[in-house]
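Student: My questions will all concern the structure given below.
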Amino acid sequence: MTEITKTLDVRGKICPYPDMDTMTTLKKMQKGEVLEVLLDYPLSVERIPRNLKKQKHKLLEVEKLDGPNHRMLIEAHGLK
Amino acid sequence: MTIAVISGLFIGILFGFALQRGRFCMNSAIRDLALLQDNTLMKAVGIAVLVQMFGFPLLSWAGLITPSPKPLFWGANLVGGIVFGIGMVLAGGCASGVTYRVGEGVVAALSAVIGLAAAGTITAMGFLKPVMSYLQTNTKIMVGEASPTLANIFGLPYEITALVLSLVLGAIWLFVAMKNKEEVEASEGSLTQRIFVKGWTWLPTGIVIGIIGILAYWSSASAGRNYSLAITSGWITFVKKYIVGVPDTKIGWDAWLIVGIILGALVASLIAGEFKIRWPGWKTILQTLGGGLLMGFGAVTSAGCNVTHILSGLPLLSFGSLLGSISIALGAWLMAYLIFVRPNQA
């Protein structure tokens, strides 16, 4: 069981807030800390994993919940 | 039932379906280039433009359409485009993006289209009309009797120029992609799953939207409206007919296209299980309404939104559309910098 450091709920947010909020939150986190993101915007579900790679954060898990809702677990790379 | 009703609605349903499946939004495409260094959606836009640049000349040779590039009025293209670009970042979607998201259940997109339709109408026939007319009349540049295009400024015919250009650009793209060993991301699952459940990747999205654009031009021209896909004019028609009550306003091809887009996106999102009424809170509703208002003014002033200028206008080689497109991108980058980049630098 992964220990979740922080949870970010961006459900209902419009483009590109889900992505921006996720990225800026990860930027402030320490290496190895885990961010849980709850989102319901289809484009971001596909786009966030693409952009995580560039920032070297690690996508641990994407879980599809009911409807367009998704839960993502991301391990921060620790840029600070 | 006229031909405009059936064909506009039909093309709209296809377009809405493809927009939803491909997550095809030009606001994201333009903004992500600068903001996330992500060019995936821009590649889909590029493919769609090239496919149409290849297809429109064939339609013209077959006598099915008459190429009708948008005029160049640099002041209007510049001001309208920049205002539109600023607006679409605030609205969280371009004209087609907010329209299809209404069908996905995004309430913030609904307030954006209300703004777009309202300001579009006010600029087309209300108190902002003098601003639009002033800019359009005083900065207009013509080549003889025609709107300037990349073809006619050199005295070349449109058809062969566009056809050759689409092939040359396509070849350059392929060459660069091969040189960079770029791989096309493969989608997994059965064909039905890939079409109806998973999001489409950029290459099929671009090709499908390009083909829809070609069919749209043909069907719209048969209905007596000689242009390809467009968004704002359809929305304005509804306001004119049902709110302002302008007599004899006809619900034409472009208005049926809008109805179709929303239906197509609704069906696509229901099948994929992505439909959900999303309430974002009043602050976001006001932001997207404001964004929509700017988009409406910008689109009518510049004689085109992102669809008219980028998707349909660039394949017609129109200089007005080229300037309109560049201005939209400039406005979008400026606004994205102000609300996303700068606050996070502190």
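Conditions tested, residue by residue: (1) crowded, with 24+ Cβ neighbours inside 10 Å; (2) aliphatic (A, V, I, L, M); (3) part of a loop (DSSP other than H, G, I, E, B).
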residue	(1), (2), (3)
B:LEU19	yes, yes, no
B:PHE24	yes, no, yes
B:LEU59	no, yes, no
B:SER68	no, no, yes
B:SER96	yes, no, no
B:ALA112	yes, yes, no
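Student: Go through (1) more than 10 Å from every other protein chain (Cβ to nearest Cβ); (2) touching a helix residue (DSSP H, G or I) at 6+ places or on another chain (Cβ under 6 Å); (3) crowded, with 17+ Cβ neighbours inside 10 Å and name the single condition A:LEU59 misses.
Tutor: Answer for A:LEU59: the failing condition is (3).
Student: Continuing with this model, one more query. Tell me, which residue of the range B:1-17 that is buried (at least 24 other Cβ atoms within 10 Å of the Cβ) and of a type outside the set (Gly, Ala, Ser) is farthest from A:SER44 (Cα to Cα)? First the steps, then the outcome.
Tutor: To start, the set of residues in the range B:1-17 that are buried (at least 24 other Cβ atoms within 10 Å of the Cβ) comprises B:8, B:11-12, B:15-17.
When the remaining residues are screened for being of a type outside the set (Gly, Ala, Ser), the result is B:11, B:15, B:17.
Numbers: B:ILE11: 27, B:PHE15: 21, B:PHE17: 18 Å.
Once the filter is applied, the top-ranked residue is B:ILE11.
Student: Can B:PHE175 be described as crowded, with 19+ Cβ neighbours inside 10 Å and either part of a loop (DSSP other than H, G, I, E, B) or out of contact with any strand residue (DSSP E or B) (no Cβ under 6 Å at 6 or more places or on another chain) (or both)? Spell out how you get there, then give the answer.
Tutor: Values: crowded, with 19+ Cβ neighbours inside 10 Å: no; either part of a loop (DSSP other than H, G, I, E, B) or out of contact with any strand residue (DSSP E or B) (no Cβ under 6 Å at 6 or more places or on another chain) (or both): yes.
It is false that B:PHE175 is crowded, with 19+ Cβ neighbours inside 10 Å and either part of a loop (DSSP other than H, G, I, E, B) or out of contact with any strand residue (DSSP E or B) (no Cβ under 6 Å at 6 or more places or on another chain) (or both).
Student: For B:PRO130, only one of the following conditions fails: (1) more than 14 Å from every other protein chain (Cβ to nearest Cβ); (2) touching a Phe, Trp or Tyr at 6+ places or on another chain (Cβ under 8 Å); (3) of a type outside the set (A, V, I, L, M, F, W, C). What is its number?
Tutor: Exception for B:PRO130: condition (2).
Student: State whether one or more residues within the range B:331-339 are away from every other protein chain (no Cβ under 13 Å) and under 14 Å from B:ALA95 (Cα atoms).
Tutor: no
Student: Follow-up question, since we're still on this one. Restrict the check to the range B:270-288 and report whether at least one residue is away from chain A (no Cβ under 14 Å) and under 23 Å from the mean Cα position of the chain (by Cα). Walk me through it before giving the result.
Tutor: Initially, the range B:270-288 is screened for residues away from chain A (no Cβ under 14 Å), giving none.
Checked the range B:270-288: no residue is away from chain A (no Cβ under 14 Å) and under 23 Å from the mean Cα position of the chain (by Cα).
Student: Given the structure, is A:LEU73 exposed (fewer than 14 other Cβ atoms within 10 Å of the Cβ) and more than 8 Å from every other protein chain (Cβ to nearest Cβ)? Explain how you work it out, then say what you get.
Tutor: Working: exposed (fewer than 14 other Cβ atoms within 10 Å of the Cβ): no; more than 8 Å from every other protein chain (Cβ to nearest Cβ): yes.
When the stated conditions are applied, A:LEU73 does not pass them.
Student: Would you confirm whether any residue within the range B:243-255 is free of Cβ contacts under 8 Å to residues at least 60 places away in the same chain, closer than 20 Å to A:TYR41 by Cα and part of a loop (DSSP other than H, G, I, E, B)?
Tutor: Checked against the condition, which is being free of Cβ contacts under 8 Å to residues at least 60 places away in the same chain, closer than 20 Å to A:TYR41 by Cα and part of a loop (DSSP other than H, G, I, E, B), the range B:243-255 yields no hits at all.
Student: Consider A:VAL10 against the criteria (1) crowded, with 18+ Cβ neighbours inside 10 Å; (2) closer than 22 Å to B:ILE30 by Cβ; (3) modelled with pLDDT under 90: it satisfies all of them except one. Which criterion is unmet?
Tutor: Among (1) crowded, with 18+ Cβ neighbours inside 10 Å; (2) closer than 22 Å to B:ILE30 by Cβ; (3) modelled with pLDDT under 90, the lone unmet condition for A:VAL10 is (3).
Student: Check the range B:225-235 and report whether any residue there is under 17 Å from the mean Cα position of the chain (by Cα), within 14 Å of another protein chain (Cβ to nearest Cβ), among the polar types (S, T, N, Q) and crowded, with 24+ Cβ neighbours inside 10 Å.
Tutor: No - not one qualifying residue is present in the range B:225-235.
Student: Surrounded by fewer than 16 Cβ atoms within 10 Å (Cβ to Cβ), at pLDDT 90 or above and over 21 Å from B:TRP279 (Cα atoms): does that describe A:LYS54?
Tutor: Values: surrounded by fewer than 16 Cβ atoms within 10 Å (Cβ to Cβ): yes; at pLDDT 90 or above: no; over 21 Å from B:TRP279 (Cα atoms): yes.
No, not satisfied.
Student: Does B:GLY324 satisfy the criteria of being away from every other protein chain (no Cβ under 11 Å), in a helix (DSSP H, G or I) and touching a strand residue (DSSP E or B) at 6+ places or on another chain (Cβ under 8 Å)? Explain how you work it out, then say what you get.
Tutor: Numbers: away from every other protein chain (no Cβ under 11 Å): yes; in a helix (DSSP H, G or I): yes; touching a strand residue (DSSP E or B) at 6+ places or on another chain (Cβ under 8 Å): no.
Spelling it out, it is not the case that B:GLY324 is away from every other protein chain (no Cβ under 11 Å), in a helix (DSSP H, G or I) and touching a strand residue (DSSP E or B) at 6+ places or on another chain (Cβ under 8 Å).
Student: Here is a further query. Kindly indicate whether A:ARG47 is facing another protein chain (nearest Cβ under 8 Å), touching a helix residue (DSSP H, G or I) at 6+ places or on another chain (Cβ under 9 Å), free of Cβ contacts under 8 Å to residues at least 60 places away in the same chain and surrounded by 21 or more Cβ atoms within 10 Å (Cβ to Cβ). Walk me through it before giving the result.
Tutor: Working: facing another protein chain (nearest Cβ under 8 Å): yes; touching a helix residue (DSSP H, G or I) at 6+ places or on another chain (Cβ under 9 Å): yes; free of Cβ contacts under 8 Å to residues at least 60 places away in the same chain: yes; surrounded by 21 or more Cβ atoms within 10 Å (Cβ to Cβ): yes.
Yes; evaluated as a whole, the condition is true for this residue.
Student: Any idea which of A:LEU59, A:LEU73, A:LEU8, A:LEU52 is of a type outside the set (Asp, Glu), within 27 Å of B:LEU338 (Cβ to Cβ) and in a strand (DSSP E or B)? First the steps, then the outcome.
Tutor: Details: A:LEU59 fails: within 27 Å of B:LEU338 (Cβ to Cβ); A:LEU73 fails: within 27 Å of B:LEU338 (Cβ to Cβ); A:LEU52 fails: in a strand (DSSP E or B).
It is A:LEU8.
Student: Which numbered condition trips up B:ALA303, out of (1) assigned to a helix (DSSP H, G or I); (2) in contact with a strand residue (DSSP E or B) (Cβ under 9 Å, 6 or more places away or on another chain); (3) aliphatic (A, V, I, L, M)?
Tutor: (1)
Student: Please find, among B:ILE277, B:ILE326, the residue that is under 30 Å from B:TRP61 (Cβ atoms), surrounded by fewer than 24 Cβ atoms within 10 Å (Cβ to Cβ) and either touching a residue at least 12 places away in the same chain (Cβ under 8 Å) or not polar (S, T, N, Q) (or both).
Tutor: Details: B:ILE277 fails: under 30 Å from B:TRP61 (Cβ atoms).
On inspection, the qualifying residue turns out to be B:ILE326.
Student: Inspect all residues belonging to the range B:33-48 and state whether any of them is acidic (Asp, Glu) and part of a helix (DSSP H, G or I).
Tutor: Here is the first cut: in the range B:33-48, the ones acidic (Asp, Glu) are B:38.
After this cut, where a residue has to be part of a helix (DSSP H, G or I) as well, the list is none.
Scanning the range B:33-48 turns up no residue that is acidic (Asp, Glu) and part of a helix (DSSP H, G or I).
Student: Count, please, the residues in the range A:15-33 that happen to be surrounded by 17 or more Cβ atoms within 10 Å (Cβ to Cβ), facing chain B (nearest Cβ under 8 Å) and polar (S, T, N, Q).
Tutor: Of the residues in the range A:15-33, 0 are surrounded by 17 or more Cβ atoms within 10 Å (Cβ to Cβ), facing chain B (nearest Cβ under 8 Å) and polar (S, T, N, Q).
Residues are listed down the side, and each one gets a yes or a no for (1) touching a Lys or Arg at 6+ places or on another chain (Cβ under 7 Å); (2) away from chain A (no Cβ under 14 Å):
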{"position": "B:ILE65", "(1), (2)": "no, yes"}
{"position": "B:GLY80", "(1), (2)": "no, yes"}
{"position": "B:VAL83", "(1), (2)": "no, yes"}
{"position": "B:GLY93", "(1), (2)": "yes, no"}
{"position": "B:GLY105", "(1), (2)": "yes, no"}
{"position": "B:SER111", "(1), (2)": "no, no"}
{"position": "B:ILE114", "(1), (2)": "no, yes"}
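Student: Across the range A:11-49, what is the total count of residues that are hydrophobic (A, V, I, L, M, F, W, C), in a loop (DSSP other than H, G, I, E, B) and closer than 23 Å to B:ALA112 by Cα?
Tutor: Looking only at the range A:11-49, we keep the residues that are hydrophobic (A, V, I, L, M, F, W, C), and these are A:14-15, A:20, A:23, A:26, A:29, A:34-35, A:37-39, A:43, A:45, A:48.
Filter again for in a loop (DSSP other than H, G, I, E, B), leaving A:14-15, A:29.
Okay, now just the ones that are also closer than 23 Å to B:ALA112 by Cα, so A:14-15.
Of the residues in the range A:11-49, 2 are hydrophobic (A, V, I, L, M, F, W, C), in a loop (DSSP other than H, G, I, E, B) and closer than 23 Å to B:ALA112 by Cα.
The values are calculated or read from the model by the stated rules, or taken from the named source; none is laboratory data. Because the structure is a prediction, the values reported are computed rather than measured. Neighbour counts run over all protein chains shown; Cβ positions are idealised from the backbone, glycine included.
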